[in-house]
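Participant: Supplied in structure tokens, the structure appears directly below.
The values are calculated or read from the model by the stated rules, or taken from the named source; none is laboratory data. Bear in mind that the values here come from a model prediction, so they are computed numbers and not experimental data. Cβ atoms come from the backbone with ideal geometry, glycine included; neighbour counts cover every protein chain shown. Protein only, heavy atoms only, side chains kept; ligands, DNA and RNA dropped before computing areas. Shrake-Rupley method; radii C 1.70, N 1.55, O 1.52, S 1.80 Å.
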Amino acid sequence: MAQAIELIGITKRFPGVVANDSVNLSVEEGEIHAICGENGAGKSTLMKILYGMQQPDAGTMKVDGREVRFTSPSQAIDAGIGMVHQHFMLADQLTVLENVILGAEPTKAFGRIDFEEARSHLKQVGEAYGLTIDPDDLVEELEVGERQRVEIIKVLYRGAKILILDEPTAVLVPQEVEELFRNMRGLKNDGATLLFIDHKLDEVLAIADTITVLRDGKTVATVKPDEVTAHDLAELMVGSELPTPETTESTVTDVVALEVDSLLVVDLEDRVLVDDVSFRIRRGEVVGIAGVEGNGQAELVDAVLGTRPVKSGKISLMGEEITLIPVRERREKGIGYIPQDRHREGLLLPAPLWENAALGHQTQEPFTSGPFIDRDGAKSRTEHIRQEFDVRTPNVEVAAHALSGGNQQKLIVGREMTAGPVVLLAAHPTRGIDVGAQAEVWDDIKAARALGMATLLISADLDELIGLSDTIVVMLRGKLVATVDPATVSPRDLGAYMTGAKQESA
Amino acid sequence: MNFSLGRRILLTLAAPVVALVFSVAMSSIVLLISGSNPVAAFGDMMSHASRLETMVDILNRATPLYIAGVAVAIGFRMNLFNIGVDGQYLLAALVAAHLGAMVNLPGVLRIVWILVVAMAVGAAYSGFAGVLKVTRGINEVISTIMLNAIAISGIVAYLVREWQAGGEILSGSASRVGTTPIPESGLIPDLNSVLEFFTREVGQGKELTGMLVIAILVGLGYHILVNRTRFGFDLRASGINPFAAQVGGVPAKRMVVSAMVLSGAVAGLVGMAEINQVGFFPANPIRGLGFTGIAVALLGRNHPAGIILAALIFAFLDISSGVLQFTGAASREIVVIMQGVIILAAVVAYEVARRARERQEARSAAEALGDIKPLEAA
């Protein structure tokens, strides 16, 4: 069969990171092709390159056998490629028809929009692909699944034969997922080629004809769903090298540092994100949370930190309830935080390093004296962090954006560690940094654990999780579904728990 | 320092200088097209500005512009756009002038009372926009524009009639209508004696406003608050990266209200220069200082010293262009074109300079460590 898309040796670098490292991908015409991989594996970058939103540093792209080079999405659209974004790009106050033609309006004399023409074209498209929706409905009145269908129709209306769907199931409830899959099969039968990103393995196995797995920016495998199990896929995604669990002796004490009791967190639409979660972390203990991304781990951390409101339940730090107090007080009481996205939540990029070192601790010694910032204190503390945590920088006055990703991360880890937190919330503490820096961060966490720090660790890297944790709990769809011993569990079993393929025997 | 401090300062200064030169060039072209001689026009402006009396006028105009610039800059520092400085200072000046005349206090106390009332009214009016933003999600740009209209054509227009003093009041050589005059002892004295200590006697009845001292204090206070205090740190952090600030414990909503209140308090002082000069709130006060303040803050990069330069440039253009009417070298409207071009050119030049500085920093950081990294995204 003919190749709809062929990518050969696609490479894309960002400062400090290689997002795509000689990626090869070949998609046959008329198939449903899934791209799997953990967050940060390079899936989104690859799709953006294919859709012309970013340009590769090296490699060739072929669409329908012809070599192409896109410098903008409009060129990709002309070549018959359409993208359905994870976050819908629809105007709520317009009707379905208006949304579909937005930016591609057929016109008649004097630039007036030819709604008759648009309506009949939309009808043709809908019939050809078996997608029905009332063109006169207001988008704001539609369900999430219907809005997604509008997005798909929008792309088809522009003549796309190859559809890229970016995590289409992330926003859907199970019934809507089934509906989406029915539509996807329908599209395929009508001749469309579908390329979709997903990391929910059961879904991938249910719908895809071919699966390509990315890890650390490289293509690691291309498989057929009937040849593999969810276990195999999970192993491919996280890397199959078996970790060597750290045999350092336990430093766990009897003192409970963080206690979370029946925590319930919902989003604005009342959808449950964290569902009745309870756990304790004692001083000197690392509790790892395993789970496929998007199962409530990030929201759990936000709730403990205080940046996300709690619907019900209780959070206590050293026996003192902190459920309702503001972030600043929690941090002053000793909650440290290593964010998963250092640029978004961890740094003031244009500000000097010493100001970055103060962020989150600006109300505490040595960064402050009375109502003033203690510049000398802050600078000497930053100098200390620079030496202790090996932050490679000429001095502490340079702006944070001038540092490489690994050094930025070491600065953040150093900032949190030197503050001597009672509880450390570490979300993907080594994501996107090189191996050397990774080992240093691990050593830092282990050293602080020995001194009595309690750690809540979230990581997509199962080696890291197994190597650092004293206890691992598995989170699935907002619930804690299993507790496992890192000394005995295999990544394979962990992967099975994470995808729900295996359940804890009660 | 690995990258030279000198080069950094040069980069910082280069942008506004380029903007100024560019705007002079553009206005010269416009003058040539309209049949005027740019050399003569600028020459007239410069020679006019070199007179002591004109300099006093320039400083008197620069003073409220500086205060307005600082008021806007406080908001800018955390990505808040306070467009309502105009409404805030007019309302504040009116209420302060009225209450200043009504409440009987001895000398200095009355001066302080008037300033405090002005700051409180400005703070409250601007703070209202902040409260609307955090409780109802109303963008401060929209609300402050609306509040301007309510203040200027609503409240001020009404109250100035209600509180109008009977008859016409003599102010200098002209008689004007306005609120009850504040006793001379309740007005900030002019600085002519200080100025004359250095130069000659100031003629033409010109008075250098005492608000200049207050403006300098405002500038110092702004510098200390923003660059030296925890509050200022929180303010800047919220402006640079609101997400990082939030996880760093900065209470986002409280910061929005605080910043608007502070901005409004400073805005309340803008009209004080005029009140202290004429002695009451006139029925036709100087308007638009708040809008010029936005341009001044932009040109001055929200920097306490930068805003001084920007305020002086705008005041110079405003005041010295008056002479063109008499010499006939050009139409005085040419300065409006210049002011517009300066702002446009400054915005572009600052962005170019910022990128150059970032590249330079990244390169020197990488060089210092012996590893060169690619730079595609910031």
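Condition check ((1) away from chain B (no Cβ under 14 Å); (2) not small (Gly, Ala, Ser)) across all residues:
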site	(1), (2)
A:Ser404	no, no
A:Leu411	no, yes
A:Leu424	no, yes
A:Pro429	yes, yes
A:Gln438	yes, yes
A:Ile445	yes, yes
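Participant: Identify, by number, the condition in (1) over 27 Å from A:Leu305 (Cα atoms); (2) part of a helix (DSSP H, G or I); (3) open to solvent by less than 30 Å² (accessible area, probe 1.4 Å) that B:Pro285 doesn't meet.
Facilitator: Among (1) over 27 Å from A:Leu305 (Cα atoms); (2) part of a helix (DSSP H, G or I); (3) open to solvent by less than 30 Å² (accessible area, probe 1.4 Å), the lone unmet condition for B:Pro285 is (2).
Participant: Yes or no: A:Arg449 on the phi > 0 side of the Ramachandran plot and in the same structural domain as A:Val287 (by TED's automatic domain parsing)? Full working, then the answer.
Facilitator: Working: on the phi > 0 side of the Ramachandran plot: no; in the same structural domain as A:Val287 (by TED's automatic domain parsing): yes.
Against the criterion (on the phi > 0 side of the Ramachandran plot and in the same structural domain as A:Val287 (by TED's automatic domain parsing)), A:Arg449 does not qualify.
Participant: Looking at B:Ile216, B:Ile275, which one is closer than 24 Å to B:Ala151 by Cβ, aliphatic (A, V, I, L, M) and away from chain A (no Cβ under 14 Å)? Lay out the reasoning, then the answer.
Facilitator: Details: B:Ile216 fails: closer than 24 Å to B:Ala151 by Cβ.
Result: B:Ile275 is the single residue among B:Ile216, B:Ile275 that is closer than 24 Å to B:Ala151 by Cβ, aliphatic (A, V, I, L, M) and away from chain A (no Cβ under 14 Å).
Participant: For the structure I just gave you, tell me whether A:Thr418 is within 20 Å of the chain's Cα centre (by Cα), of a type outside the set (Lys, Arg) and more than 14 Å from chain B (Cβ to nearest Cβ).
Facilitator: Working: within 20 Å of the chain's Cα centre (by Cα): no; of a type outside the set (Lys, Arg): yes; more than 14 Å from chain B (Cβ to nearest Cβ): yes.
No, not satisfied.
Participant: Out of the stretch A:453-486, which residues are open to solvent by 10 Å² or more (accessible area, probe 1.4 Å) and either in the same structural domain as A:Glu38 (by TED's automatic domain parsing) or charged (D, E, K, R) (or both)?
Facilitator: Hits for the stretch A:453-486 are A:Asp461, A:Asp463, A:Asp470, A:Arg477, A:Lys479, A:Asp485.
Participant: Which members of the stretch A:345-384 meet the condition of being in a strand (DSSP E or B) and either closer than 23 Å to A:Val441 by Cβ or not β-branched (Val, Ile, Thr) (or both)? Let's see the steps before the verdict.
Facilitator: To start, the set of residues in the stretch A:345-384 that are in a strand (DSSP E or B) comprises A:352, A:368-369, A:372-373.
Once the filter is applied, which keeps residues that are in a strand (DSSP E or B) and either closer than 23 Å to A:Val441 by Cβ or not β-branched (Val, Ile, Thr) (or both), the stretch A:345-384 yields A:Pro352, A:Ser369, A:Phe372.
Participant: Just to be sure before I move on: is B:Ile319 surrounded by 14 or more Cβ atoms within 10 Å (Cβ to Cβ), closer than 18 Å to B:Ile294 by Cβ and modelled with pLDDT of 85 or more in the structure I sent?
Facilitator: Working: surrounded by 14 or more Cβ atoms within 10 Å (Cβ to Cβ): yes; closer than 18 Å to B:Ile294 by Cβ: no; modelled with pLDDT of 85 or more: yes.
Criteria not met by B:Ile319.
Participant: Something else about it: Would you confirm, using the coordinates I've provided, whether B:Gly232 is within 14 Å of chain A (Cβ to nearest Cβ), in contact with a helix residue (DSSP H, G or I) (Cβ under 6 Å, 6 or more places away or on another chain) and either β-branched (Val, Ile, Thr) or not in a helix (DSSP H, G or I) (or both)?
Facilitator: Values: within 14 Å of chain A (Cβ to nearest Cβ): yes; in contact with a helix residue (DSSP H, G or I) (Cβ under 6 Å, 6 or more places away or on another chain): yes; either β-branched (Val, Ile, Thr) or not in a helix (DSSP H, G or I) (or both): no.
No.
Participant: OK, next. Between a residue in the stretch B:286-308 that is at positive phi and any residue that is of a type in the set (Phe, Trp, Tyr), which pairs come within a Cβ distance under 8 Å, given they are 6 or more apart or on different chains?
Facilitator: Pairs found: B:Arg301/B:Tyr350; B:Asn302/B:Phe76.
Participant: To continue, here is another question. Sort out which residues of the stretch B:93-132 are assigned to a helix (DSSP H, G or I) and either aromatic (Phe, Trp, Tyr) or without any contact (Cβ under 8 Å) to a residue 12 or more places away in the chain (or both), and write them in order of number. If you could, list the steps in order and put the result at the bottom.
Facilitator: Keep residues of the stretch B:93-132 that are assigned to a helix (DSSP H, G or I), which gives B:93-102, B:107-132.
Correct list: B:Val108, B:Leu109, B:Val112, B:Trp113, B:Val116, B:Tyr125, B:Phe128, B:Leu132.
Participant: Which of the residues belonging to the stretch B:251-261 are within 15 Å of B:Val226 (Cα to Cα) and within 14 Å of chain A (Cβ to nearest Cβ)? Step through it out loud before you land on a result.
Facilitator: Within the stretch B:251-261, the subset within 15 Å of B:Val226 (Cα to Cα) is B:255-256, B:258-261.
Across the stretch B:251-261, the qualifying residues are B:Met255, B:Ser258.
Participant: Related question: May I ask you to verify whether B:Met211 is modelled with pLDDT of 90 or more, within 30 Å of A:Leu424 (Cα to Cα), out of contact with any Gly (no Cβ under 9 Å at 6 or more places or on another chain) and more than 10 Å from every other protein chain (Cβ to nearest Cβ)? Outline the logic, then answer.
Facilitator: Numbers: modelled with pLDDT of 90 or more: yes; within 30 Å of A:Leu424 (Cα to Cα): no; out of contact with any Gly (no Cβ under 9 Å at 6 or more places or on another chain): yes; more than 10 Å from every other protein chain (Cβ to nearest Cβ): yes.
Here the answer is no, as B:Met211 does not meet what is asked.
Participant: Return the total of residues in the stretch A:328-358 being of a type in the set (A, V, I, L, M), at the interface with chain B (Cβ under 8 Å from one of its Cβ atoms) and in contact with a Phe, Trp or Tyr (Cβ under 9 Å, 6 or more places away or on another chain). Reasoning before the result, please.
Facilitator: Taking the stretch A:328-358 as the starting set, the residues that turn out to be of a type in the set (A, V, I, L, M) are A:335, A:338, A:347-349, A:351, A:353, A:357-358.
Narrowing the set further to residues that are at the interface with chain B (Cβ under 8 Å from one of its Cβ atoms) leaves A:347-349, A:351, A:358.
Within this subset, residues satisfying the condition of being in contact with a Phe, Trp or Tyr (Cβ under 9 Å, 6 or more places away or on another chain) are A:358.
Residues meeting the conditions: 1.
Participant: Could you say which residue among B:Thr180, B:Thr209 is among the β-branched types (Val, Ile, Thr), on the phi < 0 side of the Ramachandran plot, within 22 Å of the chain's Cα centre (by Cα) and surrounded by 15 or more Cβ atoms within 10 Å (Cβ to Cβ)? Don't jump to the end; show me each part of the working.
Facilitator: Working: B:Thr180 fails: within 22 Å of the chain's Cα centre (by Cα).
Result of the check over B:Thr180, B:Thr209: B:Thr209.
Participant: Could you list, ordered by first residue, the pairs with Cβ atoms under 8 Å in which the first is in the stretch A:150-166 and in a strand (DSSP E or B) and the second is of a type in the set (Ser, Thr, Tyr), at least 6 apart or interchain?
Facilitator: A:Ile162/A:Thr193; A:Leu163/A:Thr193; A:Ile164/A:Tyr51; A:Asp166/A:Ser44
Participant: For the stretch A:270-305, give me each residue that is assigned to a loop (DSSP other than H, G, I, E, B) and either touching a helix residue (DSSP H, G or I) at 6+ places or on another chain (Cβ under 9 Å) or under 21 Å from A:Asp485 (Cβ atoms) (or both). Steps first, please.
Facilitator: The initial filter retains those residues of the stretch A:270-305 that are assigned to a loop (DSSP other than H, G, I, E, B), namely A:270-271, A:283-285, A:291-296.
Selection gives A:Arg283, A:Gly284, A:Glu285, A:Gly291, A:Val292, A:Asn295.
Participant: Looking at A:Glu179 and the list (1) closer than 19 Å to A:Asp198 by Cα; (2) touching a helix residue (DSSP H, G or I) at 6+ places or on another chain (Cβ under 7 Å); (3) modelled with pLDDT of 85 or more; (4) assigned to a helix (DSSP H, G or I), which single condition is not satisfied?
Facilitator: Going through (1) closer than 19 Å to A:Asp198 by Cα; (2) touching a helix residue (DSSP H, G or I) at 6+ places or on another chain (Cβ under 7 Å); (3) modelled with pLDDT of 85 or more; (4) assigned to a helix (DSSP H, G or I) one by one, A:Glu179 breaks only (3).
Participant: Further, regarding this structure: For the stretch A:331-344, what are the residues that are buried (at least 22 other Cβ atoms within 10 Å of the Cβ) and assigned to a helix (DSSP H, G or I)? If you could, list the steps in order and put the result at the bottom.
Facilitator: If we filter the stretch A:331-344 for residues that are buried (at least 22 other Cβ atoms within 10 Å of the Cβ), which is where we start, we get A:331, A:335-340, A:342.
Scanning the stretch A:331-344 gives A:Arg331, A:Arg342.
Participant: Just the residues that are open to solvent by less than 10 Å² (accessible area, probe 1.4 Å) and under 18 Å from B:Asp57 (Cβ atoms), please, taken from the stretch B:288-298. Show your work before the answer.
Facilitator: So the first thing to find is which residues in the stretch B:288-298 are open to solvent by less than 10 Å² (accessible area, probe 1.4 Å), and the list is B:290, B:293, B:296-297.
Answer for the stretch B:288-298, where residues must be open to solvent by less than 10 Å² (accessible area, probe 1.4 Å) and under 18 Å from B:Asp57 (Cβ atoms): just B:Val296.
Participant: While we're looking at this one, here's another question. Give just the number: which of (1) more than 27 Å from A:Thr193 (Cβ to Cβ); (2) open to solvent by less than 40 Å² (accessible area, probe 1.4 Å); (3) within 29 Å of the chain's Cα centre (by Cα) does A:Glu140 not satisfy?
Facilitator: Looking at each condition in turn, A:Glu140 falls short on (2).
Participant: If you check B:Leu31, B:Leu10, B:Leu80, which single one turns out to be at pLDDT below 95 and open to solvent by 70 Å² or more (accessible area, probe 1.4 Å)? First the steps, then the outcome.
Facilitator: Details: B:Leu31 fails: open to solvent by 70 Å² or more (accessible area, probe 1.4 Å); B:Leu80 fails: open to solvent by 70 Å² or more (accessible area, probe 1.4 Å).
B:Leu10 is the lone residue from the list that is at pLDDT below 95 and open to solvent by 70 Å² or more (accessible area, probe 1.4 Å).
Participant: Okay, moving on. Restricting to the stretch A:209-232, name every residue that is closer than 18 Å to A:Ile8 by Cα and outside any strand (DSSP E or B). Quick ask: steps written out before the conclusion?
Facilitator: So in the stretch A:209-232, the residues closer than 18 Å to A:Ile8 by Cα come out as A:210-223.
The answer is A:Asp216, A:Gly217.
Participant: Open to solvent by less than 20 Å² (accessible area, probe 1.4 Å) and of a type in the set (A, V, I, L, M, F, W, C): is that true of B:Leu217 in this structure?
Facilitator: Details: open to solvent by less than 20 Å² (accessible area, probe 1.4 Å): no; of a type in the set (A, V, I, L, M, F, W, C): yes.
Judged against the criteria, B:Leu217 is not a match.
Participant: Across the stretch A:384-399, which residue is most open to solvent (accessible area, probe 1.4 Å) among those that are more than 10 Å from every other protein chain (Cβ to nearest Cβ) and not charged (D, E, K, R)?
Facilitator: Initially, the stretch A:384-399 is screened for residues more than 10 Å from every other protein chain (Cβ to nearest Cβ), giving A:384-391, A:396.
Within this subset, residues satisfying the condition of being not charged (D, E, K, R) are A:384-385, A:387, A:389, A:391, A:396.
Values: A:His384: 83, A:Ile385: 1, A:Gln387: 131, A:Phe389: 27, A:Val391: 7, A:Val396: 14 Å².
Ranking the candidates gives A:Gln387 first.
Participant: Of all residues in the stretch A:366-383, which are closer than 16 Å to A:Ala351 by Cα and at the interface with chain B (Cβ under 9 Å from one of its Cβ atoms)?
Facilitator: The answer is A:Phe367, A:Ile373, A:Arg375.
Participant: Tell me, which residue of the stretch B:328-378 that is under 25 Å from the mean Cα position of the chain (by Cα) and assigned to a loop (DSSP other than H, G, I, E, B) is modelled with the highest pLDDT?
Facilitator: Let us first name the residues in the stretch B:328-378 that are under 25 Å from the mean Cα position of the chain (by Cα), namely B:332-354.
Then keep just the ones that are assigned to a loop (DSSP other than H, G, I, E, B); that gives B:332-333.
Numbers: B:Arg332: 79, B:Glu333: 82.
Out of the qualifying residues, it is B:Glu333.
Residues are listed down the side, and each one gets a yes or a no for (1) open to solvent by 60 Å² or more (accessible area, probe 1.4 Å); (2) farther than 20 Å from B:Thr199 by Cα:
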site	(1), (2)
B:Met26	yes, yes
B:Met46	yes, no
B:Ser50	yes, no
B:Asn60	no, no
